[in-house]
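The block underneath contains the structure these notes are about, expressed in structure tokens.
The values are calculated or read from the model by the stated rules, or taken from the named source; none is laboratory data. Just so it is clear, the model here is predicted, and its values are computed rather than measured. With ideal geometry, Cβ positions are generated from the backbone for all residues, glycine too; neighbour counts draw on all protein chains shown. Ligands, DNA and RNA are excluded from the accessible area calculation, which covers all protein heavy atoms including side chains. Shrake-Rupley method; radii C 1.70, N 1.55, O 1.52, S 1.80 Å.
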Amino acid sequence: MKIPLYRAYTDKGDVRKVSSVLKRGLNWAIGPEVTEFERTVAAYVGRKYAVSFNSGTSALHATMLALRVKEGDEVIVPSFTFIATANAALFVRASPVFADIERVTYGLDPDSAEKSITRRTKVVVPVHIGGIVCRYAGELESLGRERKLLVVEDACEALGATARGRSGGTYGDVSVLSFCANKLISTGEGGMVLTDRKDIYERLKLVGSHGRPDKIPYFNSSASSDYVELGFNWRMSSMTAALGISQMRKLERAIQLRRKVAKMLNSRLSGVTEVDAPVEPPGFRHTYQMYTIRVKGGRKDRDGLNGFLSSRGITSKVYFDPIHRTKFYREMLGRRAPRLPATDWVSSRVLTIPVYPSMTAKEVDYVADSVKTFFDRRN
Ligand SMILES: Cc1ncc(COP(=O)(O)O)c(C=O)c1O
């Protein structure tokens, strides 16, 4: 049996929706689907404004530009996240400052974040890992407010996740989503920024589309446009947005199915004392964008399990090795490397195993049995 780490949740509706734009032969860029997709996501999450991008990374970069984060500024980020979270600060020549995480949902630890604040701090970036809202997202939002910092929520992995009735994507000044291949809804590649602030929304539109105030439909107008600042082309295509619209129709169903699969895995793995299943604190809705187990024995056992699963045709992966331990950041930080004990502890034990909406009970059994077999053989 071959079991991938993730598989897109797709149907004929996706094909129809994308085909309709293709067949139209018009407005493949800046088409009506782009605005419709933005409105759909903003309404679902509960934010006033949304701007789509061609990736979560460009959405993060645009956010830093829109907030005028610049050289000399410091941006507090976790090291236990995808590298783009920290790179976004570097893109605008600011400095990422790594703070530690908590050990339940693996989000930023507000005490560590607070200790990292200096006169230069401009932004703090809470990240939700693998489909669960960071346990202290509310506290981090308050910290930002009290210390007059901007809060950028990296909600790339948290579309549809809620905590005490509040949705991922509604914390802080700006929230960033990704629609890359392993997310709850996917457009292949894609991203979006959500905000309630009109000024930020307008700047996002500018920096993501050549610094051009798009007052006229650019490709359909005989009038000229002006360019008012330096900008990029980070726009999402109309075909991509069409796929996003159709994927959004399936989001709640995808979450239900993922939760069902996760529940099966929880029960199959409950007898394997060598691992901890992911935690869903009371009042939280985990979407299981990732199903990450923790191997109690530490790195050697975890890496052994990863190799064993691979030999049985099952893809598992470490999400995440800490950013500050990558070659690029090690060389950049040199002796300024941070001490992050919880980050090191968590990242040496985690292993993400397959969960996707169409996963069958047979596949779940095979994965769970394989985890069990690894430890049985070793003991
Ligand atoms: C937490 C986090 N931040 C940022 C990104 C970057 O998004 P993208 O891959 O769409 O550029 C991702 C997605 O991979 C992510 O998981």
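Peptides 107-113, 225-231 ranked from most to least packed, by the mean per-residue count of other Cβ atoms within 10 Å: 107-113, 225-231. Available extension along the chain between R93 and K23 is 20.9 nm, counting 0.36 nm per residue and deducting the alpha carbon span.
Enclosing the Cα atoms of the chain in their convex hull gives a volume equal to 138 cubic angstrom per residue.
For the pair T326 and K296, the difference between a 0.36 nm per residue extended length and the Cα-Cα distance amounts to 8.4 nm. With contacts taken as Cα pairs under 8 Å and at least 6 residues apart, the chain reaches a relative contact order of 22 percent.
Please list, by residue number, every one of the trypsin sites (Lys or Arg not before Pro) in the range 1-98 that is coil in DSSP and has at most 11 other beta-carbon atoms within 10 Å. Provide the component values of the computation, followed by the final result.
Values: sites: K2, R7, K12, R16, K17, K23, R24, R39, R47, K48, R68, K70, R93; in loops: K2, R7, R47, K48, R68, K70, R93.
Qualifying residues, ordered by number: K2, R68.
With the simple spin-label model, which puts each label point 7 Å out from Cα in the Cβ direction, the Y44 to E114 separation comes to 3.6 nm.
Could you give the length gained on full extension between R166 and Y366, defined as 0.36 nm per residue of separation minus the Cα-Cα distance, in nm?
Details: separation 200, 0.36 × 200 = 72.00 nm, distance 3.53 nm.
Difference between extended and current length: 68.5 nm.
Taking all protein chains as present, what is the carbon and sulfur share of the accessible area of the range 82-140, in % to the nearest whole number, probe 1.4 Å? That fraction is 46 percent.
Tell me which GluC sites (Glu not before Pro) from the range 46-155 have a DSSP coil assignment and no more than 12 other beta carbons within 10 Å of their own. Listed in order of number, the matching sites are E71.
How high is the relative contact order of the range 209-367, in percent, counting Cα pairs under 8 Å that sit 6 or more residues apart? Could the numbers behind the result be given before it?
Values: 164 pairs, mean separation 38.8, N = 159.
Averaging sequence separation for qualifying contacts and normalising by length gives 24 percent for the range 209-367.
What number, in percent, do you get for the relative contact order of the range 158-298 if the mean sequence gap of Cα pairs under 8 Å and at least 6 apart is divided by its residue count? Can you show the working numbers first?
Details: 177 pairs, mean separation 34.2, N = 141.
After rounding, I find 24 percent.
To the nearest ten degrees, helix 56-66 and the longest principal axis of the Cα atoms of the chain are 50 degrees apart.
Once the Cα atoms are used to define both axes, helix 299-311 deviates from the longest principal axis of the chain by about 80 degrees.
Only DSSP H runs of four or more residues enter the estimate; each adds -39500 (n - 2.57), and after division by the residues of the chain the mean residue ellipticity at 222 nm equals -12000 deg cm²/dmol.
In the range 1-94, which chymotrypsin sites (Phe, Trp or Tyr not before Pro) are in a loop and have at most 16 other Cβ atoms within 10 Å, using DSSP for the loop call? If you can, show how the numbers build up before the last one.
Values: sites: Y6, Y9, W28, F37, Y44, Y49, F53, F80, F82, F91; in loops: Y6, Y9, W28, F80, F82.
Those satisfying the criteria are W28.
Relative to the longest principal axis of the C-alpha atoms of the chain, give the angle of the C-alpha long axis of helix 137-146, reported between 0 and 90° and rounded to the nearest 10°. That helix lies at roughly 50 degrees to the long axis.
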